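The values are calculated or read from the model by the stated rules, or taken from the named source; none is laboratory data. Remember, predicted model here, so these are calculated numbers, not experimental data. Cβ: placed from backbone, ideal geometry, glycine included. Neighbour counts: every protein chain shown. In case anyone asks, the SASA skips ligands and DNA or RNA and just uses the protein heavy atoms, side chains included. Shrake-Rupley method; radii C 1.70, N 1.55, O 1.52, S 1.80 Å.
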Amino acid sequence: MVSFVLPEELQMLRDNLRRYVDNEMIPVEMESVDGDEFRPGFQTRFQDGMKKLGLWMMDVPEEFGGPGLGLLAKSVVWSELGRTIAIPAREDQITGPTVRSILYSLQGEMREKYLLPVLRGEKRACFAQTEPDAGSDPASMRTTAVRDGDHYVINGVKRYITGAGKSDFMQLMAATDRSLGSRGGISCFLVDMNTPGVKLGARYQTMMGDRPWEIVLEDVRVPASHLVGGEGKGFTLAQKWLGAGRVKHGARAIGVAERALEMATSYAKQRVTFGKPLSDRQGIQWKLADMYMELEVGRLLVWRAASLIDEGQEARVEAYHCKYYCDEMAFRAIDTCMQIHGGLGLMKDMPIERMWRQQRSYRITEGASEVMRTVIARHVLKAF
Ligand SMILES: Cc1cc2nc3c(=O)[nH]c(=O)nc-3n(C[C@H](O)[C@H](O)[C@H](O)COP(=O)(O)OP(=O)(O)OC[C@H]3O[C@@H](n4cnc5c(N)ncnc54)[C@H](O)[C@@H]3O)c2cc1C
């Protein structure tokens, strides 16, 4: 059942991790990252910290060597790590491999070749779905996979693919029947990046520092055994992973909003204008009150969705609430924090502007806010 208070063991986990973030990460957060990479030494240092806290491989199921954390526990971790910008956008760089659920469905030789090396840290994978003409609406993708004997021949272009340049293989979404679209027309293939016909194209520069890639596929021959989950099942497999990712977005956003509130409150108490601290002004107090209240609402949404999923209950719409509400709420929070800091909030030697840029991007990536609202609206129109 959903609770308004965290179980005692998760409160302890949160407190221990908060101490680590406050003492070991926040003091070095302005120097630990360069673009989308760690500066030398920091990744190992933080990984060691996570190992000591029992959080190494936290996103890996127990049967594959992970600590067996549920989604509520993981949400607590993502929220705490969300309070700092000491890590480039992906927390898995310090908490061990995050494997999309697609790979856990592999069996036999495919499991040996793809899943296990990723879990051991020997191979890296990227997820290639977005295309120039298919972002929010991936079912309209133009990349095709055509069966040819015991192979598929794949042609198309993928865009904005994170980590493609360092990946050994990609989890590629391609249309096996364009007329069916999301209803059985999209399939998932595992494609080695060194397969003839796979080329890295443009590398994009983003305002957050992430540098995703374009991937061009020209007559790429992939063995039929590299089709995952059967023809036409790709979309369902991808959506399953993206569903858990929506709760993660919400959880991380809670951390961003909490840090924004901490910084905004602390500065408002110190900064004196017209003879009084900002915190004495009702205009500023109301901003802080709204930030706090919205943060608490978001936290409950995340705990509810995570608890329902941990209990094996249906929580599709609740997961959408997390991504939409919390990513928007955290952006409002960091934006208000920036406003309260005045010119100081715009300075590059403060964490605020980087948190602002990063949080702005989450309103677009992995499901833009408008798409989240569309799904929620569909639910509302049915339910009321
Ligand atoms: C840094 C970065 C990393 C990424 N990494 C990956 C990756 O690893 N793998 C991958 O596959 N993709 C990746 N993406 C792609 C990302 O998921 C897409 O950019 C995102 O899904 C939005 O698609 P789009 O850019 O084509 O926007 P569009 O789909 O063109 O949407 C444009 C705008 O219109 C809105 N909109 C669209 N449809 C509607 C509608 N029906 N009603 C109202 N509004 C609508 C959208 O919400 C958005 O605001 C990445 C993107 C970035 C920027």
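Some notes on this structure:
- The lysines whose alpha-carbon is closer than 23 Å to the alpha-carbon of residue 199, local same-chain residues fewer than 8 away aside, are 113, 123, 158, 166.
- Shape of region 312-370, Cα gyration tensor, a/c cut at 1.5: prolate
- Based on DSSP H segments of at least four residues, each scored -39500 (n - 2.57), the chain has a per-residue ellipticity at 222 nm of -13000 deg cm²/dmol.
- Heavy-atom accessible surface of residue 297, to the nearest 10 Å², is about 70 Å², with a 1.4 Å probe and all protein chains retained.
- Rounded Å value of the spacing that divides the Cα centres of region 354-384 and region 68-101: 21
- Surface accessible to a 1.4 Å probe, per residue, for the residues of region 290-384, Å²: 51
- Cα-centre dipole for the chain with unit charges at Cβ (Lys and Arg positive, Asp and Glu negative), debye to 20: 660
- Nonlocal amide H pairs with residue 180, under 5 Å, H built at 1.01 Å: none
- Among the listed pairs 248/287; 248/323; 233/382; 51/323; 74/248; 323/382, a Cα-Cα separation exceeding 18 Å is found for 248/287; 233/382; 51/323; 323/382.
- Per-residue surface analysis assigns residue 182 an accessible area of about 60 Å², computed on protein heavy atoms at 1.4 Å probe radius.
- Rounded accessible area per residue of region 8-95, 1.4 Å, Å²: 45
- Cα gyration tensor shape of region 60-136, rounded if a/c is under 1.5, else prolate or oblate by comparing a/b with b/c: oblate
- Cβ-based net charge around residue 35, under 14 Å, with every Lys or Arg adding one and every Asp or Glu removing one: +3
- Shape call, region 125-228: gyration tensor on alpha carbons, a/c limit 1.5: oblate
- Only protein heavy atoms count here; on that basis, with a 1.4 Å probe, residue 365 has an accessible area of about 50 Å².
- Carbon and sulfur %, accessible surface of the chain computed with the full protein complex present, 1.4 Å: 52
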